[in-house]
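Down below is the structure, laid out as structure tokens.
The values are calculated or read from the model by the stated rules, or taken from the named source; none is laboratory data. The structure presented is a predicted model; accordingly, all values stated were derived computationally and were not measured. No Cβ is skipped: glycine too gets one built from the backbone with ideal geometry, and neighbour counts run over all protein chains shown.
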Amino acid sequence: MQDAGTELVGRRVFVIEDEAMVSMLIEDLLSAIGCEVVGTASRFNETLQKVKSVAFDVAILDVDLNGKNTVPIAEEFARCGMRFVFATGGAPTVLPNALKKVPMLKKPFQQEDLARALRTALS
């Protein structure tokens with residue numbers, strides 16, 4: 001793997017993922033590249049609640065939380081200037097034009113892919 005660089009060390013990440021095992025894997029990958037997981041959410045409404053109280057540099061947002069599309073959350077993140085990365089394990093999602101430039105991680109992904117997507121979102 002290429003060096004993730006120091007730009008990710010200490011970055012606070014909010015993980016929004018409905019599959020517990022996938023969430024734990026993402027948390028492990030984040031820890032390995034020096035990021036700090038400052039919060040997790042696995043449901044749409046839980047995400048809306050936590051986003052008000054969790055201070056983060058970047059979020060990893062699953063495109064689908066228990067069958068509910070998260071585009072409205074992504075649109076709010078974009079409106080507020082919050083940085084984020086999409087993650088999806090399903091078929092390609094049709095995104096509004098305003099969200100098409102958001103980095104997209106296709107599950108399963110590797111540590112290098114995660115680091116690249118985070119760097120892109122934070123640049």
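Pairs are defined by a Cβ separation below 7 Å, a sequence spacing of at least 6 or placement on different chains, a first member in the stretch 99-123 that is acidic (Asp, Glu), and a second member that is surrounded by fewer than 14 Cβ atoms within 10 Å (Cβ to Cβ); the pairs so defined are Glu112/Met1; Glu112/Gln2.
Contact map, the stretch 15-26: residues that are closer than 14 Å to Phe44 by Cβ paired with residues that are surrounded by fewer than 22 Cβ atoms within 10 Å (Cβ to Cβ), Cβ distance under 6 Å, separation 6+ or inter-chain. Pairs shown: Glu17/Ser23; Asp18/Ser42; Asp18/Leu65; Asp18/Asn66.
Those residues that are loosely packed, with under 10 Cβ neighbours inside 10 Å and touching a strand residue (DSSP E or B) at 6+ places or on another chain (Cβ under 7 Å), I need them from the stretch 82-112; list them, please. Scanning the stretch 82-112 gives no hits.
So, of the residues in the stretch 88-105 that are under 17 Å from Leu65 (Cβ atoms) and not β-branched (Val, Ile, Thr), which turns out to be modelled with the lowest pLDDT? Among those that are under 17 Å from Leu65 (Cβ atoms) and not β-branched (Val, Ile, Thr), it is Ala91.
Here Asp28 fits the description: exposed (fewer than 15 other Cβ atoms within 10 Å of the Cβ) and of a type in the set (Asp, Glu). Checking each residue in the stretch 31-80 for being within 12 Å of the chain's Cα centre (by Cα) and more than 19 Å from Met21 (Cα to Cα) picks out Phe56, Asp57, Val58, Thr70, Ile73, Ala74, Phe77.
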